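*Asks:* Dropping a structure here in structure tokens format, bear with me for questions.
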Amino acid sequence: MSKVLTVIGTRPQFIKAAAVSRAINEHGGIKEVMLHTGQHYDDVMSDIFFREMEIPKPDYHFSINTSTHATMTAQMLEGIEQAILKEKPDSILVYGDTNSTLAGALAASKLHMPVAHVEAGLRSFNMDMPEEVNRILTDRVSTQLFCPTEIAMQNLKNEGLASQDKTVVNTGDVMYDAALYYAKQVAQRSSILQQLGISTDKYLLVTVHRAENTDDKNRLTKIVNAINLLAKQYTVVLPLHPRTKKMIEQYHLQLECMVIEPVGYFDMLSLLQHCHLVLTDSGGLQKEAYFFHKYCVTLRDQTEWVELTKAGCSTITGADEDKIMQAVADMYDKPFKNGSVFYGDGNASAIIAKHLASY
Ligand code: UD1
Ligand code: UDP
């Protein structure tokens, strides 16, 4: 029996871990110990996902002081190290590119413990993003690198990481697995459209939370202006991340659209399935828009999910008001073309489970 310690701490990581945990259970022969770093802590950012997606209750759940990235990461490191020493797992499993990811990978590598990284190889080539630093450092110390796309594989090859004693595989994307599996339950488990009084295909779905947008007054002001302009023409639904809420208040900005609390995964899938178009700076939402055949306006200056922009499924606008308005106008009436399949066949989690069992 192989023992894996999974380190998760943020909303998208709970969703990804739900898919992989299910595959681990189905595979058999692996004992998973779950550690929640406490990076996300509001019920709507954390516990709701454990309830909805039936993720096992974490064996370890920290509470951290989120004042700065260094303090946050240091606090996580200490707790994760203790858990590793106590549990003596065969490997550590981390997801994505958050501070929780880096803390898990670093604590493990200091103890010479194999690290398995889901969503390895993604690059935005913007070192100002905390996520880019986290993902590069995590890939560097990982022993099993599970890439979601062919481009991610290529990035690792270019960096000389796809060799020697590392396992580097294109598994496909675990978020695609999650979307396929949970989408089937949405009709029974979400009534968000009725609650909000909105109709299918008649609204734009917007999310904004990335530090490069929220922590820059000029950029956030321009994005808010664009949203308010769009809201004069369309119904705009915006589940507001707590970080963005805080900064909008701090900058005295005013959102004039349908602002709602962050929603659970089933409500989000319903909003995605039925929207007309997505505008987002989220990594996950860019892909989910594609999974549900919606065009995406990407509110960033670059993306790790370049296959979407190359295929014309997503348009990069940054925080430029004019570009945002133009992208919506260009995409609004265009039928969605879904030629290629970029993210595997929905079995990424099963492939990952098979590799984890090999330790
Ligand atoms: C983090 C990740 C980001 C990921 C996102 C997913 C890093 C560096 N960033 O960003 O890559 O896209 O999670 O959503 O790891 N807050 C609350 N309640 C919560 C969580 C956060 O109020 O449950 C507020 C706090 O004021 C906190 C701020 O949001 O200081 C930022 O949270 P943090 O976890 O540092 O970063 P995210 O923006 O969520
Ligand atoms: N999500 C959700 N409720 C929300 C906003 C997002 O369930 O109110 C889901 C979304 O569908 C996706 C994931 O959270 O699966 C993405 O998380 P986020 O945008 O916070 O992070 P990122 O993907 O940018 O790291």
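*Asks:* Based on the alpha-carbon gyration tensor of the range 7-107 and its eigenvalue square roots a ≥ b ≥ c, which shape applies: rounded if a/c is under 1.5, prolate if not and a/b is larger than b/c, or oblate? Walk me through the intermediate numbers first.
*Replies:* Details: a/c = 1.93, a/b = 1.21, b/c = 1.59.
Oblate.
*Asks:* For the pair Ala211 and Arg140, what calculated FRET efficiency results from E = 1/(1 + (r/R0)^6), where r is the Cβ-Cβ distance and R0 = 22 Å, to the nearest 0.05?
*Replies:* 0.50
*Asks:* Using Cβ counts within 10 Å as a stand-in for footprinting exposure, how do Lys110, Lys16 rank, fewest first? Mind dumping the intermediate values first?
*Replies:* Details: Lys110 13, Lys16 25.
The most exposed by this proxy come first: Lys110, Lys16.
*Asks:* What percent do you get for the relative contact order of the chain when only Cα pairs under 8 Å and 6+ apart count?
*Replies:* Working: 690 pairs, mean separation 62.7, N = 359.
Answer for the chain is 17 percent.
*Asks:* Once you place label points 7 Å from the Cα toward the Cβ at Ala187 and Lys110, how far apart are they in nm?
*Replies:* Rounded to a tenth, the inter-label distance reads 5.1 nm.
*Asks:* Also, I was wondering about something else. What residue among Glu150, Glu87, Glu307 shows peak mean-square fluctuation when the chain is described by a Gaussian network model with Cα springs under 10 Å?
*Replies:* Glu87
*Asks:* Evaluate E = 1/(1 + (r/R0)^6) for Thr221 and Asn126, where r is the Cβ-Cβ distance and R0 equals 25 Å; express this FRET efficiency to the nearest 0.05. Don't skip to the answer; put the middle values down first.
*Replies:* Working: r = 21 Å, r/R0 = 0.84.
E(calc), rounded to 0.05, equals 0.75.
*Asks:* Starting at 0 and stepping by 5 Å, how many percent of the alpha carbon pairs of the range 65-207 end up in each bin?
*Replies:* Result, from short to long distances: 2, 9, 15, 17, 15, 12, 11, 9, 6, 3, 1, 0 percent.
*Asks:* Right, here's the next one. Just add up the charged neighbours of Ala152: K/R +1, D/E -1, any other residue whose Cβ is under 13 Å from the Cβ of Ala152.
*Replies:* Numbers: positive: Arg123, Arg135, Lys157, Lys287; negative: Asp97, Glu119, Asp139, Glu150, Glu159, Asp173, Glu304, Glu307.
Surrounding charge for Ala152 is -4.
*Asks:* Multiplying the sequence separation of Val44 and Glu26 by 0.36 nm and subtracting their Cα-Cα distance, what value in nm do you get?
*Replies:* Working: separation 18, 0.36 × 18 = 6.48 nm, distance 2.80 nm.
Extra length available between Val44 and Glu26 comes to 3.7 nm.
*Asks:* How high is the relative contact order of the range 217-313, in percent, with contacts defined as C-alpha pairs under 8 Å that are six or more residues apart?
*Replies:* Numbers: 87 pairs, mean separation 19.2, N = 97.
Contact order relative to length: 20 percent.
*Asks:* Volume per residue, Å³, of the convex hull around the alpha-carbon atoms of the chain? Walk me through the numbers on the way to the answer.
*Replies:* Details: hull volume 44.5 nm³, N = 359.
Taking the convex hull of the Cα positions in the chain, it is 124 Å³ per residue.
*Asks:* So, one more: Looking at the square roots a ≥ b ≥ c of the eigenvalues of the Cα gyration tensor of the range 148-233, which shape do they give, rounded for a/c under 1.5, prolate if a/b is larger than b/c, or oblate?
*Replies:* Details: a/c = 3.76, a/b = 1.46, b/c = 2.57.
Oblate, because a/c is 1.5 or more while a/b does not exceed b/c.
*Asks:* Mind giving me the nanometre distance, one decimal, between the label points for Glu81 and His252, set 7 Å out from Cα along Cα→Cβ?
*Replies:* The answer from the label model is 4.6 nm.
*Asks:* Measuring from the lowest to the highest alpha carbon on each principal axis, how far does the range 179-324 reach, largest first, in angstroms?
*Replies:* Dimensions of the range 179-324 along the principal axes of its Cα atoms: 41, 35, 26 Å.
*Asks:* I've got another one for you. Taking only C-alpha pairs under 8 Å that are 6+ residues apart, what is the relative contact order of the range 47-147 in percent? Provide the component values of the computation, followed by the final result.
*Replies:* Details: 141 pairs, mean separation 23.1, N = 101.
Relative contact order of the range 47-147: 23 percent.
*Asks:* Identify, among Thr149, Ser2, Asn134, the residue whose Cα sits farthest towards the positive end of the charge dipole of the chain, taking +1 on the Cβ of Lys and Arg and -1 on the Cβ of Asp and Glu, with the dipole about the Cα centre.
*Replies:* With unit charges placed on the Cβ atoms, the residue in question is Ser2.
*Asks:* If you don't mind, another one. What does the charge count near Pro335 come to, summing +1 for each Lys or Arg and -1 for each Asp or Glu among other residues with Cβ under 15 Å from its Cβ? Please report the intermediate quantities before stating the final value.
*Replies:* Working: positive: Lys294, Lys334, Lys337; negative: Asp201, Asp330, Asp333.
Once positives and negatives cancel, what remains is 0.
*Asks:* Also, I was wondering about something else. Mind putting a number on the dipole of the chain about its Cα centre? Charges go on the C-beta only, +1 for Lys and Arg and -1 for Asp and Glu, and I need it in Debye to the nearest 20. Working shown, then result.
*Replies:* On the way: 34 positive and 42 negative charges, 65 e Å.
My answer is approximately 320 debye.
*Asks:* Need one word for the range 279-359: rounded, prolate or oblate. Basis is the Cα gyration tensor (sqrt eigenvalues a ≥ b ≥ c); a/c below 1.5 gives rounded, then a/b vs b/c decides. Can you show the working numbers first?
*Replies:* On the way: a/c = 3.46, a/b = 2.05, b/c = 1.69.
Taking the square roots of the gyration eigenvalues as a ≥ b ≥ c, the range 279-359 is prolate.
*Asks:* With each label point set 7 Å from Cα along the Cα-Cβ vector, what nm distance links His355 and Leu196?
*Replies:* Computed distance between label sites His355 and Leu196 equals 3.5 nm.
*Asks:* Could you order the peptides 168-178, 274-284, 221-231, 194-204 from most to least packed, using the average number of other C-beta atoms within 10 Å per residue? Working shown, then result.
*Replies:* Values: 168-178: 24.5, 274-284: 22.6, 221-231: 19.9, 194-204: 13.5.
Ranked by mean Cβ neighbours within 10 Å, highest first: 168-178, 274-284, 221-231, 194-204.
*Asks:* Rank Ala353, Tyr332, Gln302 by how far each Cα sits towards the positive end of the charge dipole of the range 284-359 (+1 on Lys, Arg Cβ; -1 on Asp, Glu Cβ) and give me just the farthest.
*Replies:* Farthest towards the positive end: Ala353.
Here, each number is a calculation from the coordinates, and none is a lab measurement. Source: prediction; values computed, not measured. Glycine also receives a Cβ, built like all others from the backbone with ideal geometry; neighbour counts cover every protein chain displayed.
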